[in-house]
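J.: One structure follows; several queries about it will come next.
Please treat every number below as a calculation from the coordinates, not as lab data. The shown structure was predicted, so the numbers you read here are calculated from the model rather than taken from an experiment. Please note: Cβ atoms are built from the backbone with ideal geometry, for glycine as well, and neighbour counts cover all protein chains shown.
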Amino acid sequence: DQQVKQNSPSLSVQEGRISILNCDYTNSMFDYFLWYKKYPAEGPTFLISISSIKDKNEDGRFTVFLNKSAKHLSLHIVPSQPGDSAVYFCAVLSSGSARQLTFGSGTQLTVLP
Amino acid sequence: DSGVTQTPKHLITATGQRVTLRCSPRSGDLSVYWYQQSLDQGLQFLIQYYNGEERAKGNILERFSAQQFPDLHSELNLSSLELGDSALYFCASSVMGGTGSHEQYFGPGTRLTVT
């Protein structure tokens, strides 16, 4: 039973264009939604998050959108840069005292120069 | 650099053996989390400790155990190892185990290979 799904295993985008990464979840009992970036041989790096009470959060080139009615989360990167090439994981943070993250399967983003 | 350290970086061992993975959280973080990333399973939550006490359990096998020490570092013990235990094991830390910070910071991981 996958609570978090990233249906696109890979995405290629031209440098300077917008990258849109998508994530769907099946449960409403989450406090926060997060995006992590992962390079090979490194641990996931926190990128941006959004509270369940908001629908948009922006940090520089990165914007996360939350559509609670559709149970859908997206990450927009604009403009995309070659250094953004990595695996992107969405994650949801369970509510309550146990703050465990449940991750999606990841999307490999390749930004072409 | 996230501030979370993990040792060793790589570990190669045989089936049936036991290993211990070590994690030091970021300074000031009370909560430690362990995750397993295998090829076919993605990142899976194993267990969480908060200030020395177990807070939550995920998909952790009975052959695996963990603890958090008074200095807040944590160890993950894996015993009776099987080929399928080969994976990347990540430790993460956050400020609090309950309400509060929602961001978890990950270490570089330990790559375990069971032969």
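J.: Taking a 28 Å limit on the Cα-Cα distance, which of the listed pairs A:Lys37/B:Lys9; A:Lys38/B:Lys57; A:Lys56/B:Lys9; A:Lys37/A:Lys68 fall beyond it?
T.: A:Lys56/B:Lys9
J.: Test of understanding: what is the full-extension gain from B:Thr5 to B:Leu83, defined as 0.36 nm times their sequence separation minus their Cα-Cα distance?
T.: My answer for the length gained is 25.5 nm.
J.: Continuing with this model, one more query. What's the Cα-based Rg to Rh of chain A, Rh via Kirkwood?
T.: Here Rg/Rh amounts to 0.96.
J.: What is the average number of partner chain Cβ atoms found within 10 Å of a Cβ in B:42-54?
T.: What the average comes to for B:42-54 is 3.
J.: If the cut-off is 18 Å between C-alpha atoms, which aspartates and glutamates fall inside it for A:Lys54, apart from same-chain ones fewer than 8 positions away?
T.: Once the sequence-local aspartates and glutamates are set aside, what remains near A:Lys54 is A:Asp24, A:Asp31, B:Glu103.
J.: Among A:Phe30, A:Pro113, A:Ile18, flag the residue with its Cα farthest along the positive direction of the charge dipole of chain A, charges on Cβ as +1 for Lys/Arg and -1 for Asp/Glu.
T.: Comparing the listed Cα positions along the dipole, A:Phe30 ranks first.
J.: Now for a separate question. Taking each residue in B:102-112, count the Cβ atoms of any other chain within 10 Å of its Cβ, then average. What number comes out?
T.: Mean partner shielding for this stretch: 5.
J.: Provide the gained length on full extension for the span A:His76 to A:Tyr39, in nm with one decimal, where the gain is 0.36 nm per separating residue minus the Cα-Cα distance.
T.: Gain in length upon complete extension: 11.5 nm.
J.: Semi-axes of the range B:41-115's equivalent ellipsoid from the Cα gyration tensor, sqrt of 5 times each eigenvalue, largest first, rounded to whole Å?
T.: 23, 14, 11
J.: Label A:Glu15 and B:Gln41 with points 7 Å out from Cα along Cα→Cβ: what is the distance between them in nm?
T.: 4.0
J.: Based on the mean of other Cβ atoms within 10 Å per residue, sort peptides B:24-33, B:77-86 so the most packed one is first.
T.: Final packing ranking: B:24-33, B:77-86.
J.: Using the alpha-carbon centroid of each, what span in Å lies between the range A:51-97 and the range B:20-62?
T.: Rounded to whole Å, the Cα centres lie 23 Å apart.
J.: List residues of the range B:32-51, by number, whose backbone nitrogen lies under 20 Å from a label position 7 Å along Cα→C-beta of A:Gln108.
T.: Only B:37-44 fall inside the zone, counting backbone N under 20 Å.
J.: What's the magnitude of the charge dipole for the range A:1-77 around its Cα centre, counting Lys and Arg as +1 and Asp and Glu as -1 at the beta-carbon? Answer in Debye, nearest 20.
T.: Magnitude of the dipole: close to 120 debye.
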